Amino acid sequence: MRVKISLMVVLAMVLAGCAATPHDTSKAPDRFERFNRVTYKVNTFGSKITKPIGRAQKKIVPQPIRTGISNFFDNITYPVTIVNSFLQGKFKQGGADVGRFLLNSTVGVAGIFDPATDVGLEKHDEDFGQTLATWGVPSGPYLMLPVFGPTTLRDAGGLALDIPLNPLRHYENTSVRDKLDVLYAIELRAQLLALEEQVEASLDPYIFVREAYLQNRNFQIFDGNPPAAEIPDDEFDEISDEDLEGFELDEE
């Protein structure tokens, strides 16, 4: 595991100067809309079945404990962010991410607490989908996957690369690992309750989820600064000199 991560970091250092401009993921086409809508309905049905579990988790488990559970899973999966920070050429951020992981894993008691944030080590969220976008790989069409939900063709491939970096996937005690997976799924289900209310209130929940995902994904890929919408040059060509005659700027 450590050897794989080291090789990835070395590869990132070699290729750091060759990064391409990321593609605008917000424009990913929905070529498989028919299939996606069917999958969305299946996922929605499953969500309704598990909704009482999420409500029970939110009602019964005290918030400090739920926060600790969320912190634990954020920390144990943080190697995904660390590796992808380096692969994207963000070496300063990657170093800070290593420090955050080590501090929370030790002083923070396996990540249950978050002392790293208190000392100014910001939490980041990087994955292979974002890394592929950074290296110029187009998003491809929008996809709605069973269980996993909204994604794109590129990000689905990135997800397959992220899974081996999750330490839980290498934990040999399958009984403990399975119980942790269930605990994580229950807490995640509870966190989705607030978002579900917004989705259900929209005119077309499928479109709402699609656009929300693509815009948020674009925001992540461009580190919070997505490119502004460009106006085609031909729109300016339609304005002639005659249209500008008699037009004066107010200098006051």
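Some notes on this structure:
- Residue in region 82-102 that is among the charged types (D, E, K, R), under 16 Å from the mean Cα position of the chain (by Cα) and surrounded by 14 or more Cβ atoms within 10 Å (Cβ to Cβ) present: no
- Matching residues in region 134-163 - criterion: being on the phi < 0 side of the Ramachandran plot, of a type in the set (A, V, I, L, M) and over 12 Å from the mean Cα position of the chain (by Cα): VAL137, LEU143, MET144, LEU145, LEU153, ALA160, LEU161, ILE163
- Against the numbered list (1) in a helix (DSSP H, G or I); (2) modelled with pLDDT of 90 or more, GLU200 comes up short only at (2).
- Qualifying residue in region 189-197 (condition: modelled with pLDDT under 90, in contact with a Phe, Trp or Tyr (Cβ under 7 Å, 6 or more places away or on another chain) and closer than 26 Å to GLN130 by Cβ): no
- Enumeration of residues in region 106-120 that are among the small types (Gly, Ala, Ser) and open to solvent by less than 40 Å² (accessible area, probe 1.4 Å): GLY108, GLY111, ALA116
- Region 101-119 residues that are touching a residue at least 40 places away in the same chain (Cβ under 8 Å) and closer than 16 Å to PRO64 by Cβ, paired with ones that are open to solvent by 80 Å² or more (accessible area, probe 1.4 Å) and not small (Gly, Ala, Ser) (beta carbon under 9 Å, 6 or more apart): PHE113/VAL107; ASP114/LYS123
- Test: residue in region 206-224 that is within 27 Å of ILE69 (Cα to Cα) and modelled with pLDDT under 85: no
- Restricting attention to region 52-64, the residues that are over 23 Å from the mean Cα position of the chain (by Cα) and open to solvent by less than 90 Å² (accessible area, probe 1.4 Å) add up to 6.
- When residues in region 179-201 are screened for being surrounded by 11 or more Cβ atoms within 10 Å (Cβ to Cβ) and more than 23 Å from the chain's Cα centre (by Cα), 1 of them pass.
- Residue check, LEU153 open to solvent by 10 Å² or more (accessible area, probe 1.4 Å) and hydrophobic (A, V, I, L, M, F, W, C): yes
- Residue selected from region 130-149 under the condition over 23 Å from VAL83 (Cβ atoms) and open to solvent by 30 Å² or more (accessible area, probe 1.4 Å), by the criterion modelled with the highest pLDDT: PRO146
- In region 165-177, the residues that are under 22 Å from the mean Cα position of the chain (by Cα) and open to solvent by less than 60 Å² (accessible area, probe 1.4 Å): LEU165, ASN166, PRO167, LEU168
The values are calculated or read from the model by the stated rules, or taken from the named source; none is laboratory data. Remember, it's a predicted structure, so these values are computed and weren't measured experimentally. Cβ: placed from backbone, ideal geometry, glycine included. Neighbour counts: every protein chain shown. Side chains included, ligands, DNA and RNA excluded: accessible areas come from the protein's heavy atoms. Shrake-Rupley method; radii C 1.70, N 1.55, O 1.52, S 1.80 Å.
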